[in-house]
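Single-structure report; data block below.
The values are calculated or read from the model by the stated rules, or taken from the named source; none is laboratory data. Note that the structure is a prediction, hence the values are computed from the model and not measured. No Cβ is skipped: glycine too gets one built from the backbone with ideal geometry, and neighbour counts run over all protein chains shown. The accessibility values were calculated without ligands, DNA or RNA, using every heavy atom of the protein model including side chains. Shrake-Rupley method; radii C 1.70, N 1.55, O 1.52, S 1.80 Å.
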Amino acid sequence: MNGKGSNYYIKTLATEIGNRVKLAARNRGKGWYTPFMAAASRAIAERIPLVDFVVEVRDARIPMSSECQLLSNDMPSSRRIIVMNKMDLANRSQLKDWVKYFDQRNYISCVLNSHNKDSVKLFLNFLQAQIRALKNIDHSSHTVTIMLVGTPNVGKSALANSLHQIGRISAAEKGKLKHAIVSPHPGETKDISSLKIGSHPNIYVLDTPSILPPQIREAEVCTKLALTAGAIEDCLVGEKELAQLFLAILNLSDEYKKWTNLLLHEYDKSFANHKTECSSDRQLDTKEKKQYVTDHTQDFIVNDARRVLFEKISCFNGDKQNEVDLEKLIRLQFTALAEAFRLPPELGDDADSKVAAKLLNLYRTGRLGHYTLDPLDM
Ligand SMILES: Nc1nc2c(ncn2[C@@H]2O[C@H](COP(=O)(O)OP(=O)(O)OP(=O)(O)O)[C@@H](O)[C@H]2O)c(=O)[nH]1
């Protein structure tokens, strides 16, 4: 790498990672398109004409890269609903632009947080309005089926469960609530399963296994799917490179600026420690104890990670817009994070991969800020 701009660094790294994934998938026959995924894709394709609606669940952080390519453009747009799930993890203003983008193209779309009751209720009302608008069906006797489809880990099962729990079904049916498997690991859903989410008319939601196309043409799409959703195995992609890419994105964003107060807390803490050591009984006073107990994240490691990232960026005297300097900053952050993650020093070279795995986990679960990685040129 020579002295080019930081955006060049991000683009080059994202393309390198994506190309490596594509090559590995081809050379070693270890791609994502397993015989199981091929069978699941066929099963889903066969059901598309039979269901009333297909809800395409996408990751709100990558509304374009997480598109489900199986849904051909000739499918009637009145039966296809695009849901940008995990809205709580995406950049709000960019997400608004994405909503406008889909509106302007006459797609039925909405944003959602499957973990939030109010958000799921709104979505359920939205679905019911779409169902009421269905023509040529007898609403009293028809059973409505809605199939959830999407790429790995976008939250299909979480959404199916939430709709099932909140949906208006009888108390007796609620008693035997079924559950789809929700997991941070992709590819956990193995079968197409149905959950009831409404009565009069009866409404069923079909949860389906995750699918990807056999080939992904754009290297950057591979990288974003891997980075954001863990949709492609990290070992195939290179965890360390993915983490470097994430750090480059974080360093150039404004997200870290929200952690300024962590430095102040650190100052408060060392002041409190000093006071405690000086006190005769070495006990925390009640006020300090209360602060400790009510710490809202209860997660000191996350706070430490945020703090060291913030410190390294704000104390860096290089130019993070320059790729050589940006790389230098990322190296410093890896070292600082090893300490924040309490990794034993004897790990040596293995420390980087452990740091990478932990960092990616924090990013994917939204604990390192809100990002939308698909830029929108409207
Ligand atoms: N923050 C946040 N996390 C979510 C949301 N929806 C799902 N998740 C989390 O995302 C991860 C994946 O969710 P799943 O429901 O298992 O995703 P899936 O699409 O069914 O995944 P497969 O196993 O590949 O079929 C889990 O850890 C969920 O808890 C959301 O709206 N917000």
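Values as computed for the structure displayed
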quantity: Residue ID - nearest to Q128 (Cα to Cα), chosen from residues in segment 9-67 that are open to solvent by less than 60 Å² (accessible area, probe 1.4 Å), assigned by the TED database to the domain that holds G150 and in contact with an Asp or Glu (Cβ under 6 Å, 6 or more places away or on another chain); calculated: P63
quantity: Condition met for T365 (buried (at least 18 other Cβ atoms within 10 Å of the Cβ) and either assigned by the TED database to the domain that holds M64 or farther than 25 Å from C315 by Cα (or both)); calculated: no
quantity: Subset of segment 71-105 (residues that are open to solvent by 60 Å² or more (accessible area, probe 1.4 Å), in contact with a strand residue (DSSP E or B) (Cβ under 8 Å, 6 or more places away or on another chain) and within 16 Å of the ligand (Cβ to nearest atom)); calculated: M87
quantity: 2 or more residues at pLDDT 95 or above and closer than 20 Å to T372 by Cα: qualifying helices (runs of 4 or more DSSP H) within segment 25-144; calculated: 92-104
quantity: Pair list, Cβ < 6 Å and 6+ apart or interchain, from segment 203-214 residues that are over 14 Å from S157 (Cβ atoms) to residues that are open to solvent by less than 10 Å² (accessible area, probe 1.4 Å) and part of a loop (DSSP other than H, G, I, E, B); calculated: L212/T151
quantity: Tally, over segment 167-202, of residues that are β-branched (V, I, T), in a loop (DSSP other than H, G, I, E, B) and modelled with pLDDT of 65 or more; calculated: 4
quantity: Scope segment 227-282; condition at pLDDT 65 or above and among the β-branched types (V, I, T); matching residues; calculated: T228, I232, V237, I249, T260
quantity: Residue match in segment 298-311 (condition: under 26 Å from N91 (Cβ atoms), over 25 Å from the mean Cα position of the chain (by Cα) and either at pLDDT below 90 or open to solvent by 30 Å² or more (accessible area, probe 1.4 Å) (or both)); calculated: yes
quantity: Test: L148 is within 16 Å of the ligand (Cβ to nearest atom) and crowded, with 23+ Cβ neighbours inside 10 Å; calculated: yes
quantity: Residues of segment 351-369 that turn out to be assigned to a loop (DSSP other than H, G, I, E, B) and within 10 Å of the chain's Cα centre (by Cα), as a count; calculated: 2
quantity: Subset tally (residues that are over 14 Å from P184 (Cα atoms) and in contact with a Phe, Trp or Tyr (Cβ under 9 Å, 6 or more places away or on another chain)) for segment 226-241; calculated: 2
